[in-house]
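The values are calculated or read from the model by the stated rules, or taken from the named source; none is laboratory data. Bear in mind that the values here come from a model prediction, so they are computed numbers and not experimental data. Using ideal geometry, Cβ is built from the backbone for each residue, glycine included, and neighbour counts are taken over all protein chains shown. The protein model used for the area step is the full one, side chains on, heavy atoms only, and it has no ligands, DNA or RNA in it. Shrake-Rupley method; radii C 1.70, N 1.55, O 1.52, S 1.80 Å.
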Amino acid sequence: FSGCVVIIGIVGPCSSGKSTLARRLRSDGLVVREIRQEHSAVPDMWRRLTNPDVLIYLDVTMACAADREGLDAPSSWWADEREVRLAHARMHCDLYIDTTSRTPDEVYAEAVQFLAAWRRHI
């Protein structure tokens, strides 16, 4: 990505792996914004907060999110967060990754591969 600053936004429900992926991409020298809009009722808050060049949406099942949080069941607001509050971001993302059955290394590898291909096409 040398020569220009590309802002990468990462959005998704709680426990989908946003922080983990953001740390890895930042360690590669990329400009990454974790967009924590999951509690906002504004559909395009992701765009208002960051307006990224590339939007990565990380998804996870409700059961897996609860497990990752060490809970017996997900928080009462989790379904609304994913289905309603994040629907706009999911519809407009450049890359969608379901992290439910993937390791952090697999998620990172997919993101890096996508970003490299995206960069070649701009």
Completion exercise
In whole Å, largest first, the alpha carbons of segment 41-103 cover along the principal axes 36, 27, 16
Exercise for the section: Any chance you could give the angle, 0 to 90 degrees and rounded to 10, that helix 104-120 forms with the longest Cα principal axis of the chain? Expected result: 40 degrees
Exercise for the section: Quote the FRET efficiency, to the nearest 0.05, computed for residue 28 versus residue 76 with a Förster distance R0 of 41 Å and r equal to the Cβ-Cβ distance. Expected result: 0.65
Fill in the blank from the handout: To the nearest 20 debye, the chain has a Cα-centred charge dipole, built from +1 on Lys and Arg Cβ and -1 on Asp and Glu Cβ, of 520 debye
Exercise for the section: Set Lys and Arg Cβ to +1 and Asp and Glu Cβ to -1, take the dipole of the chain about its Cα centre, and tell me which of 60, 9, 121 lies farthest positive. Expected result: 121
Practice task
Quote the accessible area belonging to residue 91 in square angstrom, nearest 10, computed with a 1.4 Å probe and with ligands, DNA and RNA left uncounted.
Solution key: 140 Å²
Problem - Tilt relative to the chain, helix 18-27 - C-alpha long axis, 0 to 90 degrees, to 10 - result: 20 degrees
Exercise for the section: Working from the alpha-carbon coordinates of the chain, get Rg over Rh, Rh being the Kirkwood radius. Expected result: 0.96
Problem - Estimated FRET transfer efficiency when R0 is 30 angstrom, pair residue 84-residue 4 (beta carbons, to 0.05) - result: 0.30
